[in-house]
Structures are given as C-alpha cells and as structure tokens.
Amino acid sequence: MQFFVNGGEVDIDFDPRTSLLDLLRERLHLFGPKKGCNQGACGACTVLVDGVRINSCLALAVQYQGREIVTVEGLGVPGALHPLQAAFVEHDGFQCGYCTPGQICSAIGMVSELKQGVPSHVSADVAAESFPLDHDELRERMSGNLCRCGAYNGIVDAIQETFGEAKAESEKSEAA
Amino acid sequence: MPILQDALQAVMKKAIALAPDSFIPGGKPDPLIRHKHGLIGASVNRIDGPLKVSGQATFAAEFPMQNMVYAALKYSTIARGRIVDIDTSAAESALGVVLVMTYRNAPRLKPMPPFMSQPKAAGGDDVPIMQDDQIHWNGQPVALVLAGTQEEADHAQSLIRVTYEAGADGVTSLAKAKANGSEPGLFQGEPLKLEIKDAEAMLAAAPHKVDVRYTTPRHNHNPIELHAATLYWEGDRLRIHDTVQAVAHEAWTLAHVFDIPEEHVRVTSPYVGGGFGSKTLWQHQVLAAAASRLAGRPVRVMLSREGVFRIVGGRTITEQRVAIGAQEDGSFDALIHTGTVAMTPHNNMPEPFILPARSAYASKSFLLDVETVKMNMTANTFMRAPGEAVGTFGLECAIDELAHAMGMDPIELRLKNEPEKDPTTGLPFSQRGVDQAWKDGRERFGWDKRKAPGALRDGDWLVGMGCATGTYPYYRMPGGAARLTLSREGRATVGIAAHEMGMGTSTAQTQIAAERLGLPMEAITFNYADTDLPGIVLAGGSQQTAAIGAAVIAAHHKLVEELLKLAGNDSPLAGLKPDEVGGLDGGLCALEDESRCESYASILSRAQQDKVTVEAEAPMPLELQHWSMHSHSALFCEVRVNTVTGEVRVSRFLGSFDCGRIINAKTAASQFRGGIIMGLGLALMEESQFDERTGRIMNPSLAEYHVPVHLDVPEIDVMWTDEPDPHTPMGARGVGEIGITGVGAAVANAIFNATGKRVRDLPITLDRLL
Ligand code: FES
Ligand code: FES
C-alpha cells in the first residue's frame, strides 16, 4: 500500500485493522502524533490529510492510501520551525508537550475551516462566507484538543499571533 | 520500643525547633537571593520547547526496539472474590500471540512496597501481582497478552473468558465501609488528628458560627499521555524507558519485586506527558517486565484510557465537616475540620484534607481529624495538592458562609484571622505575605464592585464574584544529591535524578545553575530522570525546585572548594574561603570585591586539568521543623450562571500568589494557570463515577470524565509578590501544586454570590443549580 507522508512516499503492508495513528507511530516511527485515548476524545493524534484535520486514531490507515498526510514533523523541525510552532514556544503554549503536536496540527486545520466558511457552535450566522478568528470561535473550534496541563491561554495566544487579525494588521503596516 | 522512639523523635523535634537558625539548612540565606537582575526570575522559553513542538521529544512508548512485542491487559469485572476459571485457549491460538500470562504461569513476584512505607517505596498498592486467584478491586489485572502488534494483543485479550465467584467480604459502598468502623489517617508518620483546647465547647459558646458539611468525589489525574513503558531484560538486568515521576523509587521497588540488586534496574524518563501524582509505579510496569522475562522479548505496554481508570488510582472521595465559631469582630474561637475519606486495605493514602486548617488561620481552639474507611476499589493516591485541593474547598467555603452570615467582607474576615506564628505548631513563619497577595489581587480584580448575592443580572445570566485562599507547604524530602562537572572551556553539567513533567524543571534549573556559576545558559547541560545519576528526588510535593536547589548548592560548595585549592597561592582569589566567593562572568570572584576574580579557564589551565567533577548530598531538611513554611494565594473568580439552563461559565479569574521568589516568570505563570484550570475542573465537572453496587468506575474515558477544554477557560490572570523566602534555596518555595488549591471554593463562592445558592457537593454541575 502506498502513502504520502510529510512530502515523502512510503510503500508498506500491514494488518488492515491498523489505525492511521498506529501506522504512523508503530510502523513509520513518526511519534509526533500522540495517543491520548485512542477513541476520538482528546485530539492528541490530530494530523492533516489533504489539509483537513482528523483524529488519526479513529481513521483506518487503509482508507488513506494516496492521500497527502502531514504530521507535526512535516511542519517544521528545531532550527526551522513553522511560525506556529515557534509561537507555541514563545507563548509557552504547552507544559508537558504531549498534547502539543495535536494542538498545532488542529490549529492549522481550524484556520482553513474558518476561511472556508465552516460554521461552529458559537457562530452567530451559520451561512456566513467565512468566520473571524475571534476568542470564542478559536476556543470553541479547538475544544476537541484537550490539554491537561492547562496551557490553553498560551495556545490561544500562539494561534492568534500566528493567524489572527493582529498578525494580518502588523504585516500590512510592515509592508506599508 | 515504639514509645521510646516516639519520645526520642519528640525530643529531636523540639531541639530542631529551638536550635539557632545558623544550625539549620537555610539559616544562612542562599547568596543567589541577592542576585536581582540576572537569570533568576527572568521570563525564559523552555529549553526543550523546540523538540516538543516538532514531535521530537521521545516519550516512553516511543523507543523502537528489535523484536518487540505489545502488551494488552484484561481487568477483573468484580470487586472482591476469586477467579474460578480462566480460559485462555482462544487467546493463545489467536494470530500473533506470543504469551498469555495469568496467575497460573506468572513468575513469582513479591508485592510492591507501597508509597510511604519505606524511603524509596513507590508501589501504588501492595496486592500480590497476578500471584493467586484473589480479586481485590473491580479492574484488577487478571491476564496479560503479548503479541506482535497492539491490534493482535487487544483482540486476543478480548477472547479470554474468566469466571468469578464473588466474595462476601467485598465493600463497595461508603455507608457499608463506615459501618465497618474508621481509623484516624496516618500521614508522614503522624496521625491526622489534632486537638487544641475544647473546640466543640468554644464553638457552642461563640456568638457567630457555621457548622456545615461538604463532599468531594473521586478524581482521576488523566494526564494526556497514557501510562506506558518500553522495557527489556539483559540477563537479570532490567532496562525500562518509563513515564514516571520517581525514577529512583521505581528502580528500588522493581528490584524488590523481582528480587534483584537495585543497581540492576535502570530507569530513564526524559519526558513525562503529564503526571500530577499518577505517574508512579502501578501493576502494568511489573506485569510487562514479568512477561518480558517469560517471553524473552522487549515489551511495550501502553494502557488504554480505560486501563488508566482501572489500575491507576486517583484522588479519593471525602466527606468533610467544617465548623467555625467567631467573636463579633470575626476572630475565630473554634476551627473544626473533620471527616471521612475512603482508602483500600492495600494502600495508605488518607487524603489529608485538614492540612490547610493546620496553618492558615489563627483560632483559640482547633479540632482536626481525618478518619479513614476501607473499600474495595483501585488504590487511591496523590493527586495535585493531595489534601489541600479538596480541603480548601470545605474550609474556604465555610469562611465565605460565615462572612455572609456575619455581614462581613470575606477578605476582611480572613485577614482578621491572620496568625502571627503557626497556629498549631507555634513555629515562626519563614516568610508569609498572604496579606500582600490579597491587597494586590483585590485591587487588580476590582473586588469592591461585588454586589449582594443574586443582585447582578445580565439578560439570562446571573453574575457573581467569589474569592478564596489557596495554600500549599514548602517541602523538601531527604535524599537529594547532585553531580556537577565544570570544564576548562567554561561548560558545566548538572546531573540529578529529578524529573521534567512539564513543570519547566530543566529550564529553571539551567537558569539557576548558570546564575550560580556565572555562566550563560547555553553553557549548562542539565541531565535528569536517569537512575545512573545521583539523588532520590520524587517529583511530588512541589519539592523539586528546593530539593534540586539544595543538592546543587551542596555540590557547588564542593566545586568551589576544589577550584580554590587548584587556584592556589598565585591566584587573585588566594586566601578566600568557599563562602567568600561566587560565580561571575565565567569564573570566581570575591563576593566583597568583584575586582578579585579568576576565570574557570585560567584556574583549570594553570592546574593543567580539563575538568573538575564533584558530587554532594543535600543536608537533611531540618528547616521544615524549624520554621512553618507555606505558600499562599488569594484567588478571585467571576462566574455567569444561566437562569434557564443552570450552566456555569467562568468569565474571569485572577490568582495572586505569595510563593517566595519566582525562578522563571514564564513557566511559573503556566504552572499557576495549569493548577487553576485543573481547579476549575474540580469545581465544575470532574468526577470518577463509582458504581456502589459493583465497585466499577462508570465513566472510564475522556468522553465521559470531563476535564476543562479550551472554551471552558477564560484568560487567567496571575500575579505574584516575588518576596523571597530567606530560608529556602534561591528563596523559592515551589509552584506546582498551589495553583489548584482554593479554586473549588473561589468558584463555589462566586456561584453563591451570583445566585444566592450554596452548593456544598462537588462538582457543581448544572442540575445542582436548577
Ligand atoms: S488519541 Fe485520538 S483523539 Fe485521543
Ligand atoms: S501540554 Fe501537557 S497536555 Fe497539553
């Protein structure tokens, strides 16, 4: 079976009961995606598939052949971090770091959902074309990613700084 | 003999209390307390941050091994009784299965010495581990399967059929446990019982009083990283990559279980995905090691989330009575805090909820008592601020109730009862600034805008404010030791078997070592969480900062001694004693004359040495018996309660802390916030629901055991006095657990102010407000 992971191609055969999470961790030794519950309740296993965030523990690996899979390892590495990863460090958006790869992948998927006009529980107008990255939208949409260390404030700040209005504004003024 | 021993201990205690300060560790302030503008207190990013955000930090279940097999556990479904039959045939013939282990074929193992029974004991319980047909709790492991993949192991485990016979002596209801009788809890060798004068009589005679009952449910730590280990044997040597907050304790205990020398067990645990008291030694590590020995293969064990609820203990249930008698001016005549907690016959952790009442307030009389009863359940254990987290709920709600009844401001009532010395031991405080914390917080939060209960409404929402004191002691346990190596290039390595579970230990200790040695942070390597390193340092009791600090101070003293010897008479430092010099700009300088310096490079080159290595032990923590040492917080909460649904939203929260000197402003703020957020969970949603008919936890998943999520958490404001404690290493007191204390009460008191409804049973779910 053929998979595209973090820009590379892998050919591998395995027990068809294997979840995408176990394939990534146990067979491909990509330990960025974490196992916190194995039942869709914590978000630690979040990865991006064709840009969409999914809980990889709830996904059967065989269904993801030929799709573009990105784990946290594919976003950036120490020395060349993705801006969101760097913002997590700066804002102390983690303590133990176990939920962190899931939070980061989830945030990236979440931001594109906002742009595409996917509504949430707190959206006032569900038919809007897109949604702002405000405090409530952000927190509601990230609520599937649990952090038992309670680094939520730092996570929110890191996401806001990387993708929020403030960021867009400051880029504008820098350009001007 | 115990009587003689007790008498001797009492004499010792008295002698330590009365000894001159200079005889006591911390009697002479750590010189680092004087460093005002250096790395101590700076806001420094975590040194392991880049690894953690890129998925490169290696957790326990992330060490690939050749030939490794995966473990799955099967758990009993009755609480007490015996296994009549266990049919493993289908599991044994299932695809990929390498071993099925039950009590019939498990190797002989000794029970784990339980926590606090011996200095390095780390067992969660002391039940025989898969040695007989006996069942002690609902969820006890009855079989283990090893297979080539996790899927194969999980499937094979499901094929095992067990027949049980229920025992008549099982106790799964609290009422039945109480009917069987209670005993006073024993904690740190002392009974959790204290009487000063006749508190009941003084309560009865007091002009103002409250006398109320509170309950708190079972909790589970639920760190997001599941309990896991990767391990293998080399002959009779066991190597274990674990996620644990007690490496030295684990090695000693496993050595005892397997009857091998302690040095034959090597435990490392560089990253722990959250612990909060739960990442110690439970049956899964022992069973995995036993199975690995039988199968002759490396084993990976990772509990399912359900498995964590079944075999890793949490915080136990408490029933508390708090009664306070007060004079017209609010001063306390009587403070009574008593009640019952559940334990098991196979552990000793009497949730010590009276600890806050022992030192937080002055009172003319005290009656404090924790009674324990025994139930068949997973052995309960330490969870973030054991005792204080739930004890402050009862105590601080009762103070709020009294203040309301007396028409007094609850902050004023608290300050009115500020003690001058420890109210129950009589010891002087090492430092106490709770009044300052209240003053600072009150202003920042806008406390004086608070209205009468039920008076503030915003549409469908009632809005209210509440406050509470949090408190947690300074601890330092015996056994700290550290190794320090300094090289000619001006690089230093600190080694100590301590732990990093996200508290920021490695970053804070790197800052401290750099500041102490006068080197940049980049020149420091901090090695930890490895039994090859010196020290017995439990990551518990918020003691690591102090325990590591004291060990490093001792090692540093020795290092300076060595360096001065090497420097000899040709050095500008000639003639100075170790206490008269300090680290500065890559060398040593005289404290009184900073122009008298020599660099490490120069000292070592002249002595023709590449490096110096020293190792030293921290002194015994006598300071704990010489001073009363406690941190405090003043907590402020604003809630909104929906009048239609009863839903509670926390809209604002401020924690104002007095915890001694803060080492790293960034990571300390995260510790405070993290504790407060776990406290919001305790207040509003967390409960391990226990079926009293069967003794089974009914909600063993993160879908049904609710913890705070992003949307539950507002921006949490934190501030601190930063007043150093003159008698602790670096002037710090530890910040890991204080955050959760008092939060339950601050929320409950805010809900009362919003709605006029007093809820005395946690968690305060919406049904309790309708
Ligand atoms: S591990 Fe997938 S959601 Fe928890
Ligand atoms: S950082 Fe520990 S669970 Fe989020």
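Here are some notes:
- Each residue, B:ASP329 and A:GLN39, gets one label point 7 Å from its Cα in the Cβ direction; the gap between the two is 5.8 nm.
- Summed over qualifying helices (DSSP H, 4 residues or more, each -39500 (n - 2.57)) and divided by its residue number, chain A shows a 222 nm mean residue ellipticity of -9000 deg cm²/dmol.
- Take each residue of peptide B:57-65, count the partner chain Cβ atoms within 10 Å of its Cβ, and average: the result is 4.
- About the Cα centre, charge dipole magnitude for region B:352-396 (Lys/Arg +1, Asp/Glu -1 at Cβ), debye: 60 debye
- 14 Å beta-carbon shell around B:LEU564, net charge (K/R +1, D/E -1): -1
- In a reduced charge model with +1 at each Lys and Arg Cβ and -1 at each Asp and Glu Cβ, region B:144-301 shows a dipole moment near 300 debye about its Cα centre.
- Fraction of accessible area attributable to carbon and sulfur, region A:2-74 (%, probe 1.4 Å): 47 percent
- Per-pair calculated FRET efficiency, R0 = 41 Å: A:MET1 and B:ALA601 via Cβ, rounded to 0.05: 0.10
- Expressed to the nearest 5 percent, the antiparallel share of DSSP beta bridges inside chain B is 75 percent.
- Peptide-level mean, for A:35-46, of C-beta atoms on other protein chains within 10 Å: 6
- Placing a label point 7 Å from the Cα of B:GLU195 along the Cα-to-Cβ direction, the residues of region B:302-346 whose backbone N falls under 19 Å of that point are B:321-325, B:333-340.
- Estimated inter-spin distance, B:LYS421 and B:ARG108, nm [label 7 Å along Cα→Cβ]: 5.6 nm
- In region B:1-95, trypsin sites (Lys or Arg not before Pro) in a DSSP loop with at most 10 other beta-carbon atoms within 10 Å: B:LYS36
- Taken about its Cα centre, the protein assembly as shown carries a charge dipole of about 1240 debye when Lys and Arg each add +1 at the Cβ and Asp and Glu each add -1 at the Cβ.
- Mean-position separation - Cα centroids, region B:341-360 and region B:746-770, in angstrom: 25 Å
- Restricting the trypsin sites (Lys or Arg not before Pro) of region B:679-761 to loop positions (DSSP other than H, G, I, E, B) with no more than 11 neighbouring Cβ atoms within 10 Å leaves B:ARG693.
- In a DSSP loop and with at most 12 other Cβ atoms within 10 Å, the GluC sites (Glu not before Pro) in region B:403-451 are B:GLU420.
- For region A:113-146, a decrease in accessible area of 30 Å² or greater in the assembled protein chains relative to the isolated chain, with a 1.4 Å probe, applies to A:HIS135, A:ARG139, A:SER143, A:LEU146.
- If you sort B:ARG213, B:ARG414 by accessible surface, 1.4 Å probe, largest first, the order is B:ARG213, B:ARG414.
- Per-residue mean of foreign Cβ neighbours for B:39-52 is 4 (Cβ atoms of other chains, 10 Å radius).
- In this rough spin-label picture, where each label sits 7 Å from Cα along the Cβ direction, the B:MET620-B:ASP435 distance is 3.6 nm.
- Three-way shape call for region A:83-175 based on the alpha-carbon gyration tensor, with the a/c threshold at 1.5: oblate
- Once C-alpha pairs closer than 8 Å and six or more residues apart are averaged by separation and normalised to the residue number of chain B, the relative contact order reads 17 percent.
- Restraint check, B:LYS193/B:LYS416; B:LYS193/B:LYS279; B:LYS416/B:LYS439; A:LYS35/B:LYS52, Cα-Cα greater than 19 Å: B:LYS193/B:LYS416; B:LYS193/B:LYS279
- Span-like helix ranges in chain B, DSSP H, alpha carbon extent 15 angstrom or more, Kyte mean at least -0.5: B:2-18, B:247-258, B:283-295, B:388-406, B:505-517, B:544-567, B:665-684, B:743-755
- Relative contact order, whole percent, for region A:83-175 stands at 39, derived from Cα pairs under 8 Å and 6 or more residues apart.
- Rounded, prolate or oblate (a/c below 1.5 giving rounded, otherwise prolate when a/b exceeds b/c) for the protein assembly as shown by Cα gyration tensor: rounded
- Cross-link reach list, lysines versus B:LYS451, counting only Cα pairs under 16 Å and skipping chain neighbours closer than eight places: B:LYS757
- Other residues whose C-beta falls under 12 angstrom from the C-beta of B:GLU151 contribute a net charge of -3, scoring Lys and Arg +1 and Asp and Glu -1.
- Between region A:92-137 and region B:289-326, the C-alpha centres lie 34 angstrom from each other.
- Chain B: C-alpha gyration tensor shape, a/c 1.5 cut-off, then a/b vs b/c: oblate
- Here is the interface size for A with B: some 4600 Å² of accessible area buried, both sides summed, with a 1.4 Å probe.
- Nearest-0.05 FRET efficiency for B:ALA455 and B:LYS14, computed from C-beta distance (R0 56 Å): 0.60
- Net charge of the neighbourhood of B:SER331, taken over other residues with C-beta under 14 Å away and scored Lys/Arg +1, Asp/Glu -1, is -2.
- Per residue accessible area of chain B, 1.4 Å probe, in Å²: 35 Å²
- Distance between region B:40-98 and region B:157-175 - C-alpha centres, whole angstrom: 25 Å
The values are calculated or read from the model by the stated rules, or taken from the named source; none is laboratory data. Please read these numbers as outputs of a predicted model, since none were measured by experiment. Here Cβ is always computed from backbone atoms with ideal geometry, including for glycine, and neighbour counts include all displayed protein chains. The accessibility values were calculated without ligands, DNA or RNA, using every heavy atom of the protein model including side chains. Shrake-Rupley method; radii C 1.70, N 1.55, O 1.52, S 1.80 Å.
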